[in-house]
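Below is one structure, written out as structure tokens; comments come after it.
The values are calculated or read from the model by the stated rules, or taken from the named source; none is laboratory data. The structure presented is a predicted model; accordingly, all values stated were derived computationally and were not measured. For neighbour counting, all protein chains shown are included, and Cβ atoms are generated from backbone atoms with ideal geometry for every residue, glycine included. What goes into the accessible areas is simple: the full protein's heavy atoms, side chains included, and nothing from ligands, DNA or RNA. Shrake-Rupley method; radii C 1.70, N 1.55, O 1.52, S 1.80 Å.
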Amino acid sequence: QVQLAESGGGLVQPGGSLRLSCAASGSILSITTMGWYRQAPGKQRELVATMPSGGPTNYADSVKGRFAISRDNAKNTVYLQMNSLKPEDTAVYYCNAVVRATGFSHGLVYWGKGTLVTVSS
């Protein structure tokens, strides 16, 4: 089927930067929206940024001006550049994609397993 694999998480000091990557693999015919969500301890999963193919990007207000989402469609990969990180950005970050796979007539939502980002001094 389809797998999403995140990488790039880790420990960073406040004010630092990290770049997350997520590669989709499998029997992929097309990918529409790719994006990032996060879940902090004790909180619900929330949208961070999404990037539809051919459409405008969407960011959570809390990350506007600090985070940037981008895609490499040839590699079925989405990135999240995170700058000026704050302790409240600490969370597990999940990759999300709407993928039309071989044998399916419409796109389905897939999730990665998540990568932990910890912002702490």
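Brief remarks follow.
- Test result for S21, of a type in the set (S, T, Y) and either in a strand (DSSP E or B) or modelled with pLDDT of 95 or more (or both): yes
- Residue within the stretch 91-113 that is of a type in the set (A, V, I, L, M, F, W, C), open to solvent by 50 Å² or more (accessible area, probe 1.4 Å) and within 18 Å of E46 (Cβ to Cβ) present: yes
- Total residues in the stretch 38-61, condition loosely packed, with under 12 Cβ neighbours inside 10 Å and polar (S, T, N, Q): 1
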